Amino acid sequence: MGTLLVVLASALWGFIHSLTASLRMKEAARKTFGVRVMNGYRLFYNSFSVITFLPILALTAWLPDVPLYTIPAPWVIITLILQLSAVIVLIIGVFQTDVWSFIGLSQIMGRPSEGIIVTGGLYRYVRHPLYSAGLVFLWLTPLMTLNRFVLYLCLTLYIFIGVGFEERKLIREFGKDYLDYKARTPMVFPLPLRSKD
């Protein structure tokens, strides 16, 4: 029963998260509240996503749970180093996309993002390095329980579904430029033999 609640809560969060990120919802908000209010939409979206995810974390911790496995020493040191590396990659990836626009503060100050495709740095190797790093961080958790496993499975599924929606938006926005970038750059997992030109 507990794992079903985690699945349902994750599915509801994923649905609302995708809905608020959609171009249709943004357009409806623009028509309802006006263009000036839309400068705060990105900040609202990010804040709303984090706040609404906190109850899922609490639910995962609060529900009855059973351990699945623990990574023993010395291997746990390797997984912790890799998790730390994933956090560093996340931070670098956010800064490479203009951190203030990513958070939504540039838009609040009336400086909208420039609308360019970032293809350098980490984005030279994968189109979605933030998702790559997030997946590494999740799945290298040293102590895996049933609730965590179910939550991580839901988040992984959501990431891959969400990438599809996100890429459709990017193709609509950037057209052939994004299609060319997509053709030469892997989605989430870097492929060392792919051309980076």
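No lab work stands behind these numbers, since they all come straight from the coordinates. Note that the structure is predicted; figures quoted are calculated from it, not measured. With ideal geometry, Cβ positions are generated from the backbone for all residues, glycine too; neighbour counts draw on all protein chains shown.
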Given 77, 117, which one is part of a loop (DSSP other than H, G, I, E, B) and surrounded by fewer than 17 Cβ atoms within 10 Å (Cβ to Cβ)?
117
Checked against (1) more than 30 Å from residue 107 (Cβ to Cβ); (2) in contact (Cβ under 8 Å) with a residue 40 or more places away in the chain; (3) assigned to a helix (DSSP H, G or I), residue 43 satisfies every condition except (1)
Do we find a residue being charged (D, E, K, R) and over 17 Å from the mean Cα position of the chain (by Cα) anywhere in region 40-54?
no
Just checking, how many residues over region 80-99 are surrounded by 15 or more Cβ atoms within 10 Å (Cβ to Cβ) and either among the polar types (S, T, N, Q) or in contact with a Pro (Cβ under 7 Å, 6 or more places away or on another chain) (or both)?
5
Looking only at region 153-169, count every residue that is surrounded by 18 or more Cβ atoms within 10 Å (Cβ to Cβ) and over 18 Å from residue 186 (Cα atoms) and tell me the total.
2
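Among residues belonging to region 18-37 that are touching a residue at least 40 places away in the same chain (Cβ under 8 Å) and assigned to a helix (DSSP H, G or I), point out the one that is nearest to residue 102 (Cα to Cα).
So in region 18-37, the residues touching a residue at least 40 places away in the same chain (Cβ under 8 Å) come out as 18, 21-23.
From what's left, assigned to a helix (DSSP H, G or I): 18, 21, 23.
Numbers: 18: 16, 21: 13, 23: 17 Å.
Going through the qualifying residues, I end up with 21.
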